[in-house]
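Chemist: After the structure tokens below, expect a handful of questions from me.
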Amino acid sequence: MNIYIDTEFNEYRGQLISMALVAEDGCEFYEVLECHDPGPWVREHVMPHLMQTPISRARFTDTLKFYLGQFDSVNIIADWPEDLEHLLHCLIVAPGERIGPDRFTMEVRRDLPDTSSTSRIPHNALEDARALMRSATGVTK
């Protein structure tokens with residue numbers, strides 16, 4: 001299953017704030033984590049568009065595990081490498097323990113349009129991931 005990812009994080013190389021995964025079959029994951037000291041750009045462009053109450057990191061991991069557990073195999077598609085970096089970090093839950101399906105591949109694509117012009121709500125991870133999926137598949141909904 002192809003799944004499109006977008007994340008929002010606190011400035012360059014900063015902590016994860018939100019993550020969205022949108023599968024081609026319409027199954028979606030979107031969660032938000034606390035960000036206590038957002039940088040100026042993030043405060044202005046990301047924080048007003050989260051549209052969801054932050055949850056704990058443990059709850060985030062549980063919901064991500066449940067979402068990914070629905071699939072036997074996934075191919076995660078991103079338009080930016082840091083999105084995958086944040087996802088991979090979330091998959092490691094303890095020494096020698098990870099979550100996610102048995103088969104897991106990833107790709108970073110430069111051919112997808114910039115979500116700042118295709119997303120219905122730019123800098124909202126869910127809307128940006130939906131925009132990536134629409135651009136890649138031609139789906140218009």
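Chemist: In the range 76-92, how many residues are loosely packed, with under 15 Cβ neighbours inside 10 Å and assigned to a strand (DSSP E or B)?
Modeler: Residues flagged as loosely packed, with under 15 Cβ neighbours inside 10 Å and assigned to a strand (DSSP E or B) within the range 76-92 amount to 1.
Chemist: Here's something else I'd like to know. So, THR53, is that one assigned to a loop (DSSP other than H, G, I, E, B), surrounded by fewer than 18 Cβ atoms within 10 Å (Cβ to Cβ), out of contact with any His (no Cβ under 6 Å at 6 or more places or on another chain) and modelled with pLDDT under 95 or not?
Modeler: No.
Chemist: Count, please, the residues in the range 56-75 that happen to be open to solvent by 40 Å² or more (accessible area, probe 1.4 Å), of a type outside the set (Gly, Ala, Ser) and part of a helix (DSSP H, G or I).
Modeler: 5
Chemist: What number of residues within the range 26-50 satisfy the criterion of being surrounded by 13 or more Cβ atoms within 10 Å (Cβ to Cβ) and within 26 Å of ARG134 (Cα to Cα)?
Modeler: Total satisfying the criteria: 13.
Chemist: Which one is nearest to the chain's Cα centre (by Cα) among residues in the range 93-114 that are of a type in the set (Asp, Glu) and not in a loop (DSSP other than H, G, I, E, B)? First the steps, then the outcome.
Modeler: Our first condition is that a residue be of a type in the set (Asp, Glu); within the range 93-114, this holds for 97, 102, 107, 111, 114.
Next, only the ones that are not in a loop (DSSP other than H, G, I, E, B) stay: 97, 107.
Details: GLU97: 21, GLU107: 14 Å.
It comes out as GLU107.
Chemist: Mind listing just one residue for me: the one in the range 131-141 that is within 12 Å of GLY26 (Cα to Cα) and modelled with pLDDT of 95 or more and, of those, surrounded by the fewest Cβ atoms within 10 Å (Cβ to Cβ)?
Modeler: My answer is ARG134.
Chemist: Output the residue which, of all residues in the range 96-130 that are touching a Pro at 6+ places or on another chain (Cβ under 9 Å) and touching a residue at least 60 places away in the same chain (Cβ under 8 Å), is most open to solvent (accessible area, probe 1.4 Å).
Modeler: Of everything passing the filter in the range 96-130, HIS123 is most open to solvent (accessible area, probe 1.4 Å).
Chemist: When the range 2-19 is examined, which residues are found to be assigned to a strand (DSSP E or B) and of a type outside the set (S, T, N, Q)?
Modeler: Going residue by residue through the range 2-19, those that are assigned to a strand (DSSP E or B) are 2-9, 16-19.
Matches in the range 2-19: ILE3, TYR4, ILE5, ASP6, GLU8, PHE9, LEU16, ILE17, MET19.
The values are calculated or read from the model by the stated rules, or taken from the named source; none is laboratory data. As the structure is a prediction and not an experimental result, all values here were calculated from the model. Every residue, glycine as well, gets a Cβ built from its backbone with ideal geometry; the counts of neighbours run over all protein chains shown. For the accessible areas, the whole protein counts, side chains as well, though only heavy atoms, and no ligand, DNA or RNA atoms are used. Shrake-Rupley method; radii C 1.70, N 1.55, O 1.52, S 1.80 Å.
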